[in-house]
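Note sheet for the following structure.
The values are calculated or read from the model by the stated rules, or taken from the named source; none is laboratory data. Values in this document were obtained by computation on a predicted structure and should not be read as measured data. Every residue, glycine as well, gets a Cβ built from its backbone with ideal geometry; the counts of neighbours run over all protein chains shown.
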């Protein structure tokens, strides 16, 4: 051993030998550092690859962009059946995560709700909400929570809804009169339901009506809403490749701006007229939503007040949310009942027992219509109006179900697939309202059951559920109590779907109304 140290000492005394030893040591050090660096890099890559959700192979740069048409919902449902309950799609620079599992949905919407409470707001929505000032697209934070609390407390509370009950009642009575004038003739019931729903919404918002000379306005709003929702649901190159946004290659931004300019011009004229005239119309101590919003605008307290831009964004939210999704639910409910005469007969028997043949439907009757309520829930299970919900976006990279979900990715929940899952729902494609009379877990819209959450869950659950429930139940009850319905030529209504962000029937429902009650009752 001493000979070894002697040799090292001799070598150290020689300059060239000393340099050689230093060079070797440095080389070994660099090599060690490189080995450590690359091993960590490889390990990180392997872990990342291992934790990334599965999915189909895409194209370079474009990813899966060319494969998602013509039906995005159908495509992601099929890929989930192949690759699993959580899958990843790459559309340009955007990462899309599709969830088709109740347990994974619970992890995101309950266990990690705060992280996933932001929105991936598309260009079309940015243009339509003053940069995301509304409830649907606004980023999570104190301002959103203030807005939600104000709407829930001041407008969607029992007191707020009761304050505009007479407006709803008036428009539904008008619907009965309109249909009664067309007894025995085929009518486009889809259009009638849409216009009634829109008229009810507008009546509640500012006391307006779409009857008489205003009917043309209703049809224009209908056409513009349909086009706007189509633009909202269409894949936009500007969203997928943000660097291309200034070029507006598909024209979606300019088309959206055109429609929204019309909507906001219309809403501004309504607001100016109200402010000019003072307090809005009252009907038996009723107060419309606009009056309540303007009162919030006039408050000095920043914690409980609304800006005028927020009011306009909220009004548009309510026109769209209060019309499109509720209309789609009623259209599907009538379609399913006509396809299942035995279920329709049960609804009629319940209405006759509770309402009677000499009365009209009032909101006070609705809590007792348990079978009709089950029909609505079964309709929402099979035909959720927004089948992928409004997309969520995580504020930080998070591990869910063993997979890494990147920050700012776009998260879709395929509630349509979840609510048709044969592992949880017996004979899931069968229209069976009775299932909602048996299991109390499935009877509500709170979003606590992740097998049935058509209105979402957690911080971003729809704030308009109480209003939607009242409108859907009362209009359906009125249509089914006041009229019998026959199908032209005895043909069954089709169930082909059309996705425009909201899932509606591809073809309108055309039926023949037959009076059940006397003229005097119909005209009450």
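Checking the conditions here, which among 216, 182, 222 is in the same structural domain as residue 479 (by TED's automatic domain parsing) and without any contact (Cβ under 8 Å) to a residue 12 or more places away in the chain? Break it down into steps so the answer makes sense when it comes.
Details: 182 fails: without any contact (Cβ under 8 Å) to a residue 12 or more places away in the chain; 222 fails: without any contact (Cβ under 8 Å) to a residue 12 or more places away in the chain.
On inspection, the qualifying residue turns out to be 216.
Is it the case, given these coordinates, that residue 463 is touching a residue at least 24 places away in the same chain (Cβ under 8 Å) and surrounded by fewer than 15 Cβ atoms within 10 Å (Cβ to Cβ)?
no
Condition first: in a helix (DSSP H, G or I) and over 30 Å from residue 142 (Cβ atoms). Can you find one or more residues in region 498-518 that meet it? Please lay out each step first, then the result.
As a first pass, look at region 498-518 and keep what is in a helix (DSSP H, G or I): none.
Scanning region 498-518 turns up no residue that is in a helix (DSSP H, G or I) and over 30 Å from residue 142 (Cβ atoms).
Look at residue 82 and say whether it is assigned to a helix (DSSP H, G or I), touching a strand residue (DSSP E or B) at 6+ places or on another chain (Cβ under 7 Å) and at negative phi.
The answer is no for residue 82.
Quickly run through region 93-113 and pick out the residues that are more than 22 Å from residue 396 (Cβ to Cβ) and either at pLDDT below 95 or surrounded by fewer than 23 Cβ atoms within 10 Å (Cβ to Cβ) (or both).
102
Considering every residue within region 174-187, establish whether at least one is assigned to a helix (DSSP H, G or I) and within 30 Å of residue 294 (Cβ to Cβ).
Yes; the residues of region 174-187 include at least one that is assigned to a helix (DSSP H, G or I) and within 30 Å of residue 294 (Cβ to Cβ).
Given the options 144, 133, 150, 161, name the one that is modelled with pLDDT under 95, touching a helix residue (DSSP H, G or I) at 6+ places or on another chain (Cβ under 7 Å) and closer than 24 Å to residue 412 by Cα. Don't jump to the end; show me each part of the working.
Working: 144 fails: touching a helix residue (DSSP H, G or I) at 6+ places or on another chain (Cβ under 7 Å); 150 fails: closer than 24 Å to residue 412 by Cα; 161 fails: closer than 24 Å to residue 412 by Cα.
Exactly one of 144, 133, 150, 161 is modelled with pLDDT under 95, touching a helix residue (DSSP H, G or I) at 6+ places or on another chain (Cβ under 7 Å) and closer than 24 Å to residue 412 by Cα, namely 133.
Checking residue 495 against (1) assigned to a loop (DSSP other than H, G, I, E, B); (2) within 27 Å of residue 103 (Cβ to Cβ); (3) modelled with pLDDT of 90 or more: exactly one of these is not met. Which one?
Going through the list (1) assigned to a loop (DSSP other than H, G, I, E, B); (2) within 27 Å of residue 103 (Cβ to Cβ); (3) modelled with pLDDT of 90 or more, residue 495 breaks only (2).
Of everything in region 184-207, what is on the phi > 0 side of the Ramachandran plot and either within 21 Å of the chain's Cα centre (by Cα) or surrounded by fewer than 21 Cβ atoms within 10 Å (Cβ to Cβ) (or both)? Give them in sequence order.
Once the filter is applied, which keeps residues that are on the phi > 0 side of the Ramachandran plot and either within 21 Å of the chain's Cα centre (by Cα) or surrounded by fewer than 21 Cβ atoms within 10 Å (Cβ to Cβ) (or both), region 184-207 yields only 184.
From the list 224, 245, pick out the single residue that is assigned to a helix (DSSP H, G or I) and either at pLDDT below 85 or on the phi > 0 side of the Ramachandran plot (or both).
Of the residues listed, the single one that is assigned to a helix (DSSP H, G or I) and either at pLDDT below 85 or on the phi > 0 side of the Ramachandran plot (or both) is 245.
Taking residue 446 as meeting all but one of (1) at pLDDT below 95; (2) in contact with a strand residue (DSSP E or B) (Cβ under 8 Å, 6 or more places away or on another chain); (3) closer than 18 Å to residue 374 by Cα, write down the number of the exception.
Residue 446 satisfies all of (1) at pLDDT below 95; (2) in contact with a strand residue (DSSP E or B) (Cβ under 8 Å, 6 or more places away or on another chain); (3) closer than 18 Å to residue 374 by Cα except (2).
Is it true that residue 108 is closer than 17 Å to residue 456 by Cα, in contact with a strand residue (DSSP E or B) (Cβ under 9 Å, 6 or more places away or on another chain) and not in a loop (DSSP other than H, G, I, E, B)?
The answer is yes for residue 108.
Taking the condition assigned by TED's automatic domain parsing to the domain that holds residue 482, closer than 28 Å to residue 443 by Cα and surrounded by fewer than 16 Cβ atoms within 10 Å (Cβ to Cβ), does residue 387 pass?
So residue 387 fails the test.
Is it the case that region 351-371 has a residue that's part of a helix (DSSP H, G or I), over 18 Å from residue 471 (Cα atoms), under 31 Å from the mean Cα position of the chain (by Cα) and without any contact (Cβ under 8 Å) to a residue 12 or more places away in the chain?
Looking for residues that are part of a helix (DSSP H, G or I), over 18 Å from residue 471 (Cα atoms), under 31 Å from the mean Cα position of the chain (by Cα) and without any contact (Cβ under 8 Å) to a residue 12 or more places away in the chain, one finds none in region 351-371, hence no.
Taking region 418-430, which residues are surrounded by fewer than 22 Cβ atoms within 10 Å (Cβ to Cβ) and touching a residue at least 60 places away in the same chain (Cβ under 8 Å)?
Answer for region 418-430, where residues must be surrounded by fewer than 22 Cβ atoms within 10 Å (Cβ to Cβ) and touching a residue at least 60 places away in the same chain (Cβ under 8 Å): 421, 424.
Name the residues in region 151-168 that are assigned to a helix (DSSP H, G or I) and either under 20 Å from the mean Cα position of the chain (by Cα) or buried (at least 21 other Cβ atoms within 10 Å of the Cβ) (or both), would you?
So the first thing to find is which residues in region 151-168 are assigned to a helix (DSSP H, G or I), and the list is 151-155, 158-162, 165-168.
Those that are assigned to a helix (DSSP H, G or I) and either under 20 Å from the mean Cα position of the chain (by Cα) or buried (at least 21 other Cβ atoms within 10 Å of the Cβ) (or both): 151, 152, 155, 167, 168.
Which is assigned by TED's automatic domain parsing to the domain that holds residue 432, free of Cβ contacts under 8 Å to residues at least 12 places away in the same chain and not in a loop (DSSP other than H, G, I, E, B), of 345, 381?
345
Would you be able to say whether some residue in region 222-241 is out of contact with any strand residue (DSSP E or B) (no Cβ under 8 Å at 6 or more places or on another chain) and within 30 Å of residue 362 (Cβ to Cβ)?
Checking region 222-241: at least one residue is out of contact with any strand residue (DSSP E or B) (no Cβ under 8 Å at 6 or more places or on another chain) and within 30 Å of residue 362 (Cβ to Cβ).
Please go through region 54-87 and give me each residue that is touching a residue at least 40 places away in the same chain (Cβ under 8 Å) and either over 24 Å from the mean Cα position of the chain (by Cα) or within 26 Å of residue 230 (Cα to Cα) (or both), ordered by number.
65, 68, 69, 71, 72, 73, 76, 77, 80
Pick from region 58-92 the residues that are touching a helix residue (DSSP H, G or I) at 6+ places or on another chain (Cβ under 7 Å) and surrounded by fewer than 18 Cβ atoms within 10 Å (Cβ to Cβ): which of them is nearest to residue 451 (Cα to Cα)?
The qualifying residue nearest to residue 451 (Cα to Cα) is 75.
Among the residues of region 386-422, what is the count of those that are part of a loop (DSSP other than H, G, I, E, B) and in contact with a helix residue (DSSP H, G or I) (Cβ under 9 Å, 6 or more places away or on another chain)?
Quick first cut of region 386-422, residues part of a loop (DSSP other than H, G, I, E, B) only: 386-391, 394-397, 401-402, 406-409, 414, 419-422.
In the following step, the residues that additionally are in contact with a helix residue (DSSP H, G or I) (Cβ under 9 Å, 6 or more places away or on another chain) were identified as 386-390, 394, 401-402, 414, 419-421.
Of the residues in region 386-422, 12 are part of a loop (DSSP other than H, G, I, E, B) and in contact with a helix residue (DSSP H, G or I) (Cβ under 9 Å, 6 or more places away or on another chain).
So which residues in region 486-504 are in contact with a helix residue (DSSP H, G or I) (Cβ under 6 Å, 6 or more places away or on another chain) and surrounded by 12 or more Cβ atoms within 10 Å (Cβ to Cβ), if there are any at all?
Listed by number, the residues that qualify are 493, 499, 500, 501, 502, 504.
For residue 429, work out the one condition from (1) under 28 Å from residue 125 (Cα atoms); (2) assigned to a loop (DSSP other than H, G, I, E, B) it doesn't fulfil.
(1)
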